[in-house]
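Read the structure below first, then the notes.
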Amino acid sequence: MDRERLFRTLTFWLRPDFVLRVVNRFQKVAGFDRSMALASGALSALIPLAMLSGALFGEEAGARMVNRYGLTGGGAEAVRSVFSAGATSAGVGVFGMVFLAISVLSFSRALQRLFEQTWDLRPLGVRNTRNGLEWICTLSLYTAVIGWIYAALGWGHLGLAAAVCEIPVTAVFLTWSGWILSAKRLARAVLLPFAISAAVLSAAYSVVATAYLPRLFNSYASRYGAAGAVFGMASALFTAMLILVASAALGREVRDELVQIRQGRRPSHHEVRRQWDSIVEQVRLRWRTVRKPAPRQESEDSR
């Protein structure tokens, strides 16, 4: 009975109609373009923020990143050179603080537009700056908590224990982020499916990144030198933002589906089975077409 119930649950949530709605929602918000915009904003805010924190607290940002992902060789040297070069030229003056504020606010507005487009809200733009500043302060606290979790639990077994403990913290932070960046127009219950899916996928990506990023940074460093560290960070951030955007599309459709189920509009098992049968029949038809031997071409000089 448990297997049958699990099978029906999986076939219900993975049915073609629902998957197509998620894909359409992802395309509606221009998912890949939105992910690239978020990754660019995160990169432009991450480097000056890391350099500023290193200047204030006496910690080298490059060393923290090397320890976080276990970088070695050329990848570690490239990361250290990027952050050390920026730290010597940046400083904590008024211009540096203004540039940091503009960069981080730009990133918060890009994330704000994601929530507005995904949930069809009226755009607020700069009118939501106060909530954006509050979100920035909480983002700093969130990153500190995540860093403490990984430092306390260590990096053994790809940081799996830390990644599991990261899930509830990330889910709470993302739920609050959607609520505050939407100017409190989205209820926390509405954002919960998005936050849970994004937290789980982000934790899985963190485990994969711990194993994959050292090779990526070393490969870029061998080709481009210190600039390879920037390319590596951009690639890692793009994947993380792609997970965030995809989770937003998935969370919106899951919430809409749950509302329809409460209203008694859940598709019947027969309808779900019919959709799967149609997909299976199409796959079989295409497979037969591919395997069917091509007819021999008639001789051009048939006589």
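The values are calculated or read from the model by the stated rules, or taken from the named source; none is laboratory data. Everything quoted here is computed from the prediction, not taken from an experiment. Cβ coordinates were reconstructed from backbone atoms using ideal geometry, including for glycine residues, and neighbour counts include every protein chain displayed.
Among the listed residues R185, R252, identify the single one that is of a type in the set (D, E, K, R), touching a residue at least 40 places away in the same chain (Cβ under 8 Å) and in a helix (DSSP H, G or I).
Just one listed residue meets the conditions, R252.
Six or more apart or on different chains, Cβ under 8 Å: which pairs go from a residue in the stretch 96-107 that's closer than 14 Å to G125 by Cα to one that's modelled with pLDDT of 75 or more and surrounded by fewer than 16 Cβ atoms within 10 Å (Cβ to Cβ)? Could you list them?
L105/T129; L105/L133
If I go through the stretch 111-135 residue by residue, how many of them are modelled with pLDDT under 85 and either hydrophobic (A, V, I, L, M, F, W, C) or touching a Phe, Trp or Tyr at 6+ places or on another chain (Cβ under 7 Å) (or both)?
Going through the stretch 111-135 one residue at a time, the tally reaches 1.
Of everything in the stretch 1-30 that's at pLDDT below 90, in contact with a helix residue (DSSP H, G or I) (Cβ under 7 Å, 6 or more places away or on another chain) and not charged (D, E, K, R), which residue is nearest to F115 (Cα to Cα)?
Once the filter is applied, the top-ranked residue is F18.
Inside the stretch 170-191, can you point out the residues that are touching a helix residue (DSSP H, G or I) at 6+ places or on another chain (Cβ under 7 Å) and over 16 Å from E116 (Cα atoms)?
T170, A171, F173 - these are the residues of the stretch 170-191 that are touching a helix residue (DSSP H, G or I) at 6+ places or on another chain (Cβ under 7 Å) and over 16 Å from E116 (Cα atoms).
Which residue is farthest from S106 (Cα to Cα), if the candidates are limited to the stretch 178-231 and must be at pLDDT below 90 and among the polar types (S, T, N, Q)?
S222
Kindly indicate the residue of the stretch 260-303 that is surrounded by 11 or more Cβ atoms within 10 Å (Cβ to Cβ) and β-branched (V, I, T) and also modelled with the highest pLDDT among those meeting that condition.
Going through the qualifying residues, I end up with I261.
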